[in-house]
1. When N is the residue count of the stretch 139-247, what does its C-alpha Rg come to as a fraction of 2.2 N^0.38 Å?
2. Roughly how many Å² is the accessible area per residue of the chain, as a whole number, for a 1.4 Å probe?
3. In the stretch 111-244, with Lys and Arg counted as +1 and Asp and Glu as -1 at Cβ, which of these residues, Met154, Gln238, Pro214, has the Cα nearest the positive end of the dipole, that is, farthest along it?
4. So what is Rg over Rh here for the chain, counting just Cα atoms and using Kirkwood for Rh?
5. If each of Lys187 and Arg211 carries a label point 7 Å out from its Cα toward its Cβ, how far apart are those two points in nm?
6. Length gain on complete extension for the stretch Lys85 to Ala97, per 0.36 nm per residue less the alpha carbon to alpha carbon distance?
7. Could you size up the charge dipole of the chain around its Cα centre, putting +1 on the beta carbon of Lys and Arg and -1 on that of Asp and Glu, and report it in debye to the nearest 20?
8. Any chance you could look up the accessible area of His46 with a 1.4 Å probe, heavy atoms only, rounded to 10 Å²?
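The values are calculated or read from the model by the stated rules, or taken from the named source; none is laboratory data. Given the structure is predicted, the values throughout are model-derived calculations rather than measurements. For neighbour counting, all protein chains shown are included, and Cβ atoms are generated from backbone atoms with ideal geometry for every residue, glycine included. Note: accessible area is taken over every heavy atom of the protein model, side chains too, but ligands, DNA and RNA are not part of it. Shrake-Rupley method; radii C 1.70, N 1.55, O 1.52, S 1.80 Å.
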Amino acid sequence: MTNDNTTHFGFKEVPKQEKVALVRGVFDSVASQYDVMNDLMSLGIHRIWKRVAVQLANVREGDQVLDLAGGTGDLTTLFEKRVGKTGRVVLADINAAMLRTGRDRLINRGLAGNIEYAQVNAECLPFADNSFDCVCIGFGLRNVTDKDAALRSMYRVLKPGGRVIVLEFSHPTDPITEKVYDFYSFKLLPKIGAIVAKDEDSYRYLAESIRMHPKQDELKGMMEAAGLERCEYFNMTQGIVAVHRGYKF
């Protein structure tokens, strides 16, 4: 049970001021193998989840997009094609190692000109009010210490008529999927992390962080409390992943 001074780090309760450094340590450790592990963990399905999230974002040519917790740049790559030369995508992450990996990866692909990079904390975004047509956070909100503050910050930098997209691991909608998913997450995933990324503890944390993340309806309510309207969510793969969408009017 957390209090005002503590928060969850996986299943552990830690002081709030320590969580950012703990999460940074996890992603410093896994950055170099992050893409390989994503493919192994999801059997490549994460690429479909990301494409669905981008479709739901309804981004058009000329739009300004903030890709929060953008990591190695998968979502930025998809958004870049949609905003075109007259638009802009800001790839942002709190973790410097992940941001460097994403920047190098996109530059090596020849993607430049309409992409910018920023190391930011989602809880206090350093952008002006009404700056972006879309703010997307993919597989990152569960690692944020104060999720409510982050959602309020996303709302603030969003233009009227803009939308927030939250793509995140969520909670299975049927008991059979839940049991299989629990076995995979807590028994197999850490072992895969130990073999491929040489880091069992970080992948155990990632599994725990998913279980501690708010359920679909709870997150929808948090988005509404932050000021977003017409909030809805779309379950994928029996609720293992969900895309939440809300608008600023």
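1. Numbers: Rg = 15.4 Å, N = 109, 2.2 N^0.38 = 13.1 Å.
Computed over Cα atoms of the stretch 139-247, the ratio equals 1.18.
2. Details: 11400 Å² over 249 residues.
Roughly 46 Å² per residue, with all protein chains present.
3. The residue sitting farthest along the positive end of the dipole is Gln238.
4. Details: Rg = 17.1 Å, Rh = 18.2 Å.
With Rh from the inverse mean 1/r over Cα pairs, Rg/Rh is 0.94.
5. Between Lys187 and Arg211, the label points sit 1.4 nm apart.
6. Working: separation 12, 0.36 × 12 = 4.32 nm, distance 2.73 nm.
Additional length available on full extension: 1.6 nm.
7. Working: 33 positive and 32 negative charges, 112 e Å.
Roughly 540 debye for the chain.
8. Near enough 10 Å² of accessible area.
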